[in-house]
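The values are calculated or read from the model by the stated rules, or taken from the named source; none is laboratory data. The model shown is predicted, which means the values in this text are computed figures rather than measured ones. Cβ: placed from backbone, ideal geometry, glycine included. Neighbour counts: every protein chain shown.
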Amino acid sequence: MTLHLQMSANGRIIIPKWIREALGIKTGGTLVADLLNDTLQITSVKSSVSNAKNLVRRYCLNNSSDLVNDLFVMRKQEVEKEYKTDNLVKNSND
């Protein structure tokens, strides 16, 4: 849905009540604004956090929510593979 909103002289834009309610924005609430090329995208903090969690989830193992631990586990597995490969190469050269 496209809306035409007016900006005041000091740069303020009034977001209609039904949109604020739909986004769960309360008076004094915080919004996230992104400038993408020539487009201003405004989202709720809740939506931005949800989007960030979805991005992180793509890199987690087995739908875990602990990306740091999962990255540690993946790196440990890579090191173990490298160690086995190095030992195989070393043993074949002996």
Criterion first (of a type in the set (A, V, I, L, M) and either at pLDDT 90 or above or touching a helix residue (DSSP H, G or I) at 6+ places or on another chain (Cβ under 9 Å) (or both)) does residue 71 satisfy it? no
Tell me which residues, restricted to region 1-25, are surrounded by fewer than 10 Cβ atoms within 10 Å (Cβ to Cβ), of a type in the set (A, V, I, L, M, F, W, C) and either part of a loop (DSSP other than H, G, I, E, B) or not assigned by TED's automatic domain parsing to the domain that holds residue 48 (or both). 1, 3, 5, 9
May I ask you to list pairs of residues, at least six apart or on different chains, whose Cβ atoms are under 8 Å apart, with the first in region 47-59 being under 19 Å from residue 19 (Cα atoms) and the second being at pLDDT below 85 and assigned to a helix (DSSP H, G or I)? 47/23
(1) assigned to a helix (DSSP H, G or I); (2) modelled with pLDDT under 85; (3) not aliphatic (A, V, I, L, M) all hold for residue 60 apart from (1)
